[in-house]
Amino acid sequence: MLDSTYYPMYLYQKDFLQGAEKAGRKPFILVLERGEGEYERYETYLYADEHNEENLTYAKKIVKTMIWAYGGYKFHLYGAESVIEGLRTIYSADGERAFDYNFMNDVYLRPMEFCEVAFEDLPKASTKAIPSTANAKGSRIGFDAGGSDRKVTACIDGKVVYEKETVWFPKLNSDPQYHLDGILDSIDNALKALDGKVEAIGVSTAGIVVENEVRVSSLFRKVSKTEQIEKVRPIYKNLAQRYNCPVKVANDGDVAALAGALTDGCGKVLGIAMGTSLAAGYVDPEMRIRGCLNELAFVPVDACDTSAIDEWSGDGGVGVMYHSQDAVIKLAPQAGIEIDESLSPAEKLKVVQALANDGDPRAIGLYERMGDYFGYTLLWFGCFYDINRAIFLGRVASGKGGDILLERARQIIKGEGSSLEIVLPDEMQRRLGQSFTAANL
């Protein structure tokens, strides 16, 4: 079996909780503060006695999941006396998870805190969610900034009149002018298809978006901190003046979730886009975007101590290594598939996709394992999001390989007794889903 040491977080949690139930348990409640009046709550339990190491290992995984799923800077903890000091040490400027700590500091401009509180002092869950809306009327442009390619779609009254995908390398370039030139090239070409008239531009981008600004994104990881503040943050906001029209910027995962919610007219949707990385977004039961971080690329999905390491965060077993083109590339050698190392990651993915389309058993087995990953990870995400559907987008979803992955994931979910549904759009939406939906923002 490919990746034989894989230990899904969903099963790890089940095993941990069953063990605590037998040995004696105590409640453990975490409330993560994200902003004024915004609190996300998660209730679980720990071993009551003499299992401090196991408790801390479990607690740090729950903390990490909440950090990257919800976003936030202050934990209010009940029942944490045996683990709180360990969490403070792990999540600190020079601790084991310094990346997580420093990242959140950059986003929320304050250090992460862990405070033990009495049960009656725990904040109640609350949010400042906003309703999701869409408007497909008029001449509109949608732009999707991915890590390996950029996509643009021009629409008139919701009908696609132009589309183009262009390979680029934003993660490898330190000059933000490279990024700006690529963005303008895509939009200018789409504008020509609209005879120079555009009423609105929607942008889907990897990273964290606050007030139409990209605060943190892997696309600009080589850009200096100073230039990120001066040139990257306003890179999309400045388009409004250049093209004399409104510009709306959203995280690519939220765009994926919005696509599913608007298609079916109901919420409880988790959008999943597997491409250069793992992007995610969430629309709640009231059809609202809750403002969660939804950076599930960094959420732990494999509890194995020797799991694959993400080069950016330096952590093992996180979503990007199991639900992106990196996962396909990681599994290919194990499956006996040789790929030219000189190819770009997107080109390597296409090699495996072509093999799957031709019925190559090695590629089919690879995508079946990807389906195992996806099924168990969706069940894990379902522990933190109120969802009944997941919409599956991104280049990894394309072709026969995507169909194999989807079917296997459905089998896993059904086998665990869950009614969670995975929705796979048609081929055009699977290929251009982000840019097409962004045109409707």
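Any residue that is more than 20 Å from the chain's Cα centre (by Cα), part of a helix (DSSP H, G or I) and crowded, with 18+ Cβ neighbours inside 10 Å - is there at least one of those in the range 166-178? Yes, the range 166-178 contains a residue that is more than 20 Å from the chain's Cα centre (by Cα), part of a helix (DSSP H, G or I) and crowded, with 18+ Cβ neighbours inside 10 Å. Close Cβ contacts (under 9 Å, 6 or more residues apart or on different chains) running from residues in the range 202-231 that are on the phi > 0 side of the Ramachandran plot and outside the structural domain of TRP68 (by TED's automatic domain parsing) to residues that are buried (at least 21 other Cβ atoms within 10 Å of the Cβ) and in a helix (DSSP H, G or I) comprise GLY207/LEU219; GLY207/PHE220; GLY207/ASP252. The single condition among (1) crowded, with 21+ Cβ neighbours inside 10 Å; (2) farther than 24 Å from LEU11 by Cα that MET321 does not satisfy is (2).
Taking the conditions (1) more than 30 Å from PRO345 (Cβ to Cβ); (2) at pLDDT 95 or above in turn, THR133 satisfies each one other than (2). Only residues that are in the same structural domain as ILE364 (by TED's automatic domain parsing) and either touching a His at 6+ places or on another chain (Cβ under 7 Å) or modelled with pLDDT of 80 or more (or both) were counted in the range 399-436, giving 25.
If we scan the range 223-237, do we find a residue that is charged (D, E, K, R), over 26 Å from TYR373 (Cα atoms) and either surrounded by 24 or more Cβ atoms within 10 Å (Cβ to Cβ) or touching a helix residue (DSSP H, G or I) at 6+ places or on another chain (Cβ under 6 Å) (or both)?
Yes; the residues of the range 223-237 include at least one that is charged (D, E, K, R), over 26 Å from TYR373 (Cα atoms) and either surrounded by 24 or more Cβ atoms within 10 Å (Cβ to Cβ) or touching a helix residue (DSSP H, G or I) at 6+ places or on another chain (Cβ under 6 Å) (or both).
The residues listed here are LEU331, LEU270; of these, the one that is modelled with pLDDT of 90 or more and within 20 Å of TYR385 (Cα to Cα) is LEU270.
On the given criteria, is GLY281 at pLDDT 85 or above, outside any helix (DSSP H, G or I), at positive phi and out of contact with any His (no Cβ under 6 Å at 6 or more places or on another chain)?
No; evaluated as a whole, the condition is false for this residue.
Among residues of the range 334-350 that are more than 19 Å from ALA308 (Cα to Cα), those with a beta-carbon under 9 Å from a residue that is in a loop (DSSP other than H, G, I, E, B) and polar (S, T, N, Q) at least six positions away or on a different chain give the pairs SER344/SER148; ALA346/SER148; ALA346/THR276; GLU347/SER148. Scan the range 287-314 for residues that are assigned to a loop (DSSP other than H, G, I, E, B), within 30 Å of SER126 (Cα to Cα) and acidic (Asp, Glu) and the total you get is 1. Assessment of the range 17-27 against the conditions (in a helix (DSSP H, G or I), of a type in the set (A, V, I, L, M) and over 30 Å from GLY291 (Cβ atoms)) yields at least one matching residue. Among all residues of the range 6-29, there is none that is modelled with pLDDT under 95 and not assigned by TED's automatic domain parsing to the domain that holds ALA308. When VAL214, VAL255, VAL209, VAL203 are checked against the criterion of being closer than 25 Å to LEU424 by Cα and in a strand (DSSP E or B), VAL203 stands alone in meeting it. Looking at the range 217-254 only, could you name the residues that are of a type in the set (D, E, K, R), closer than 21 Å to GLU311 by Cβ and modelled with pLDDT under 85? Listed by number, the list holds a single entry, ASP252. So for the range 44-56 (the condition being over 24 Å from ALA256 (Cβ atoms) and within 23 Å of the chain's Cα centre (by Cα)), does at least one residue qualify? No: the range 44-56 contains no residue that is over 24 Å from ALA256 (Cβ atoms) and within 23 Å of the chain's Cα centre (by Cα).
Criterion applied to VAL198, VAL214 was being farther than 23 Å from LYS159 by Cβ and either at pLDDT below 95 or of a type in the set (Val, Ile, Thr) (or both), and the one residue passing it is VAL214.
Residues that are touching a residue at least 40 places away in the same chain (Cβ under 8 Å) and over 15 Å from ASP100 (Cβ atoms) were ranked within the range 297-316; the one that is surrounded by the most Cβ atoms within 10 Å (Cβ to Cβ) is VAL301. I'd like to verify a number: residues in the range 269-321 that are more than 16 Å from the chain's Cα centre (by Cα) and basic (Lys, Arg), how many? Matching residues across the range 269-321 total 1.
When each of ASP305, ASP264, ASP315 is tested for being out of contact with any Gly (no Cβ under 9 Å at 6 or more places or on another chain), among the charged types (D, E, K, R) and at pLDDT below 85, the lone residue that passes is ASP264.
Filtering the range 97-114 down to residues that are loosely packed, with under 14 Cβ neighbours inside 10 Å and either assigned by TED's automatic domain parsing to the domain that holds TRP312 or under 16 Å from GLN228 (Cα atoms) (or both), which residue is farthest from the chain's Cα centre (by Cα)? Among them, the one singled out is LEU109.
One residue stands out in the range 4-16 among those that are assigned to a helix (DSSP H, G or I) and among the hydroxyl-bearing types (Ser, Thr, Tyr): the one that is nearest to SER307 (Cα to Cα), namely TYR12.
Modelled with pLDDT of 95 or more and aliphatic (A, V, I, L, M): does that describe ALA69? So ALA69 fits the description; yes.
The values are calculated or read from the model by the stated rules, or taken from the named source; none is laboratory data. Model, not experiment: these values are computed from the prediction. Neighbour counts are summed over all protein chains in view; Cβ atoms, including those assigned to glycine, are modelled from backbone coordinates with ideal geometry.
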